[in-house]
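The values are calculated or read from the model by the stated rules, or taken from the named source; none is laboratory data. Since this is a predicted model, take the numbers as computed values, not measurements. All Cβ positions, even for glycine, are placed from backbone atoms using ideal geometry, and neighbour counts span all protein chains on display. Surface accessibility is based on the protein's heavy atoms, side chains included, excluding ligands, DNA and RNA. Shrake-Rupley method; radii C 1.70, N 1.55, O 1.52, S 1.80 Å.
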Amino acid sequence: MLPYVLRRLLSVAVTFFVVSLIIFLMMHSIPGGPFDANDMPVSAAVREKLMAQLGLDQPLHVQYLRYMWGVLHFDFGVPYQSPGETVIQLLSRAWVPSLVLGGLGVVIGAPLGILLGMAAALNRNTWIDYFASTVSTIGLTIPVFVTSMLLILVFAVWLNWLPASGWPQPERWILPIAAYAAIPMATYARYTRSAMLDTLSRPFVTVLRAKGLSENRIVFQHVLRNSAIPLVTVFLPMFIGTATGSIFVEAMFRVPGLGAYFVSSIEKRDYPLEMALMLMITFMYCIAYLLSDIVYALINPRIRMGGSE
Amino acid sequence: MTEVAVPIADLPQRSPIWFAWQRFLSNKAAVAGGLVLAVLILMALFAPLITPVPPEAQLFLTESLAFPSAQHWFGVDGLGRDFYTRIVYGARVSLSIGFIAAAFSVVIGIPVGALAGYFGGRLDWFVMRIIELFSVVPPLLAAMLLGALTRGGYFTIVLIAALFGWVQVCLQVRAQVKAFREREFVRAAQALGASPWYIIRRHLIPNSVSPIIVGFVLAIPLAMMLEASLSFLGIGVPPPTPTWGQMINEGIDYMFFYWHMAVFPTAALAITVLATSLFGDGLRDALDPTLKGR
């Protein structure tokens, strides 16, 4: 087991550094810099001094190595948009609304999806099944800003039940949470349905039925437990997905979270913030895939023995 | 004698395509999705015949932001343009980007997947590492960077969508080729001295045709979503070209007073993406019934 984990860890580390290099190069090859005349009207001498102070006059490879050296020490630099704080301070401030709304969206959406998927699998080819697959197809295909727009139009504009935007008051959370919840609900409804149908068709279920076990016990004690593995492994990537979803949800609902910084850091050539956001997401995905690989290897010994697949 | 013989002789001639077609027809959601998609494609192709005014002409400035009426089915937008016309022409942008990007994805995905699956070893390892890079970077974030790098534009969006669309096609083709590589007919071809290129082209790719078709169709909604998302953020296809993503973004500012500005582009995008996905899912279930419900 340990060699397998170490091999995966090495592979993930290499992936992470290659991605960081590609993003760094792409970011710096976007024409224009943070102190161009339009965004920040300063004299040439001041600009040169600023560039030198921030190390932007150095060759790219030096900048990259310096930056990554800082990253390894949890030093992500100072965002150019808001020089009074560090990138870490800015992120930990902006993270709160995104985490609350996205987290609640997943926490509410995932169980609903599991219930829907279970209902669909246990009532195959009935209206419940068709309803569940319609809901999951809609949730999986329609972009989150379209869902958000529809929610606002129905509940805020037409019915006038809920406020459309804003942040601190909890009643303003309801619509963005509903928008976030659509994706985990759809994902889980689909995965749960197919995993449960898969398990229900196995011979051991027939044996349990022959043994005279009640259908409830078969479902809750045996089938659900055996179907849980794929559900556990999709959880983390889906949770991270709410971070990219926040770009749209927070723009639609005017929430002062992380989302807006993804766009503004690119527009303003705010290299430290942009790099930090990209690396954060990449890092979380790397960890999520690593964890799910390890969980899989723990469950399935063929993977850690065979190695190649 | 012959009257009896005819139907019996007919039976074995039913091809796998006939059975796939029957399976497809029995899936009502997929048929509905296909029909809606066909109507949308016709609408996009014959847009000038459906609405007489050009989408960028500000012909109705005096009626700016007018609500839907008999003359302007979807109303007029803030710059005096007929909104119905803009929605119809928006279908052109959305669908053409979807189809072209999906075609590029297939063109990249097939050879890479086939070579990796056939030769295995180092090449396969290398391809899989590249795919791993794509799996840890969310397409949208990378597309935002690339969009800023290239200043958006129609063809750039197509390329960005293809850059992220080929991975799925490649994985499908690779899996299929790997499964067929050890079959007897491939071994026989190798023994007869056929070159790897000939075997891939003549035997392995034709055997992967159903995952390729499915991959193509399912890449379309993804590309359309990417285009709409980038246009929504203002780094997609630049105005005045009408795109639904852009219109939704403008619609946010108007939605409390001029609901038509928000409703129609949102509905158009939702219907198109949903119809294409339903059609693709149905096609997948019809072509490969073992995958049903996944």
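Overview of values
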| quantity | calculated |
| --- | --- |
| Filter pass, A:ALA276 being modelled with pLDDT of 80 or more and either within 10 Å of another protein chain (Cβ to nearest Cβ) or surrounded by 22 or more Cβ atoms within 10 Å (Cβ to Cβ) (or both) | yes |
| Any helices (runs of 4 or more DSSP H) falling wholly within the range A:86-169 and containing at least 2 residues that are under 25 Å from B:LEU269 (Cα atoms) and touching a Leu at 6+ places or on another chain (Cβ under 7 Å) | A:127-141, A:144-151 |
| Count of the range B:98-124 residues which are within 19 Å of B:ILE200 (Cα to Cα) and away from every other protein chain (no Cβ under 11 Å) | 17 |
| Residue in the range B:178-186 that is at pLDDT below 80 and away from chain A (no Cβ under 11 Å) present | no |
| Residue match in the range B:240-257 (condition: assigned to a loop (DSSP other than H, G, I, E, B) and touching an Asp or Glu at 6+ places or on another chain (Cβ under 6 Å)) | yes |
| Residues (in a helix (DSSP H, G or I), farther than 23 Å from A:TRP173 by Cα and more than 9 Å from chain B (Cβ to nearest Cβ)) located in the range A:252-269 | A:SER264, A:SER265 |
| The range B:125-164, residues that are more than 11 Å from chain A (Cβ to nearest Cβ) and within 24 Å of A:LEU277 (Cβ to Cβ) | B:GLY152, B:THR156, B:ILE157, B:LEU159, B:ILE160, B:ALA161, B:LEU163, B:PHE164 |
| Selected residue (only one of B:LEU204, B:LEU278, B:LEU269 is within 14 Å of chain A (Cβ to nearest Cβ), surrounded by 23 or more Cβ atoms within 10 Å (Cβ to Cβ), in a helix (DSSP H, G or I) and touching a Phe, Trp or Tyr at 6+ places or on another chain (Cβ under 7 Å)) | B:LEU269 |
| Looking only at the range A:112-156, and only at residues there that are out of contact with any helix residue (DSSP H, G or I) (no Cβ under 8 Å at 6 or more places or on another chain) and open to solvent by less than 70 Å² (accessible area, probe 1.4 Å), the one that is farthest from B:SER229 (Cα to Cα) | A:THR126 |
| Which numbered condition A:MET196 fails, given (1) open to solvent by 50 Å² or more (accessible area, probe 1.4 Å); (2) within 12 Å of chain B (Cβ to nearest Cβ) | (1) |
| Residue satisfying all of: in the range B:238-256; surrounded by fewer than 24 Cβ atoms within 10 Å (Cβ to Cβ) and in contact (Cβ under 8 Å) with a residue 60 or more places away in the chain; farthest from B:ARG151 (Cα to Cα) among these | B:TYR254 |
| Count - residues of the range B:40-62 that are in a helix (DSSP H, G or I), among the β-branched types (Val, Ile, Thr) and surrounded by 13 or more Cβ atoms within 10 Å (Cβ to Cβ) | 2 |
| The range B:219-228 - residue that is within 10 Å of chain A (Cβ to nearest Cβ) and among the hydrophobic types (A, V, I, L, M, F, W, C) and, of those, farthest from the chain's Cα centre (by Cα) | B:ALA228 |
| Whichever residue in the range A:94-111 is open to solvent by 30 Å² or more (accessible area, probe 1.4 Å) and modelled with pLDDT of 85 or more and, among such residues, is farthest from A:GLY245 (Cα to Cα) | A:PRO111 |
